[in-house]
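First comes the structure, then the notes that go with it.
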Amino acid sequence: MTTLVNRAKMTTATTGTGTITLGSASLGYQTFAAAGVLDGETVRYVIEEVNNWEIGVGTYTSSGTTLTRTPSESSSGGSAITLTGSAVVYVVAAAQDIFPANDMFYENNQSVTKNYTIASTKNAMSAGPVTVNAGVTVTISSGARWVVL
């Protein structure tokens, strides 16, 4: 799971497609460290440079202030974009960070059926709040949107 933080956006003078050396915080933002990203934590990032962009997952290293790059989407067909030294990089949240695939009951606009055995009493919401007791198997189908709290 990726680390989520608020308002972390930094410049980078890095060139090429490798690990990024982070510069200073962009105006009005904070550094990754000031936002709470710890050494060795994984973040989902966006890099933007002119019309090029990249979304991926990277590991933050506090010594040297670097971020590895593992792109998942980009303006370069999913590959790392080639940086020319004037990019910004920031921490973002993607849908899979908020609702991991194993916890989604409505996927890709398709109806799905999933069975879950509840380990402890939980509150769930669909059309309204419902309490489900421990040991009960719940079947969710027909594209219902449920959130388990």
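Values in this text are rule-based calculations from the coordinates and carry no lab data. Since this is a predicted model, take the numbers as computed values, not measurements. Cβ atoms come from the backbone with ideal geometry, glycine included; neighbour counts cover every protein chain shown.
Simple spin-label estimate for Ala13 and Val88 gives 1.9 nm between the two label positions (7 Å along the Cα-to-Cβ direction from each Cα).
Taking Cβ atoms as reference points and 12 Å as the exclusive limit, the residues near Ala34 contribute a net charge of +2, counting Lys and Arg as +1 and Asp and Glu as -1.
For Val91, neighbours were defined as the other residues whose beta-carbon sits under 9 Å from its Cβ, and their charges (Lys and Arg +1, Asp and Glu -1) total +3.
Amide H contacts of Tyr45 (H built 1.01 Å from N, in plane; Pro and chain starts excluded): Gly56, Val57, Gly58, Val92 sit under 5 Å, all sequence-distant by 5 or more or on other chains. Using the Kirkwood radius built from alpha carbon pairs, what does the Stokes-Einstein equation give as D for the stretch 9-96 at 10 °C and 1.306 mPa s, in µm² per second? Estimated via Stokes-Einstein, D reaches 125 µm²/s. Remark: the stretch 68-80, residue by residue, has Karplus-estimated 3J(HN,Hα) of 6, 10, 10, x, 10, 9, 6, 6, 10, x, x, 8, 4 Hz, where x stands for each Gly or Pro and the curve is 6.51 cos²θ - 1.76 cosθ + 1.60 at θ = phi - 60°.
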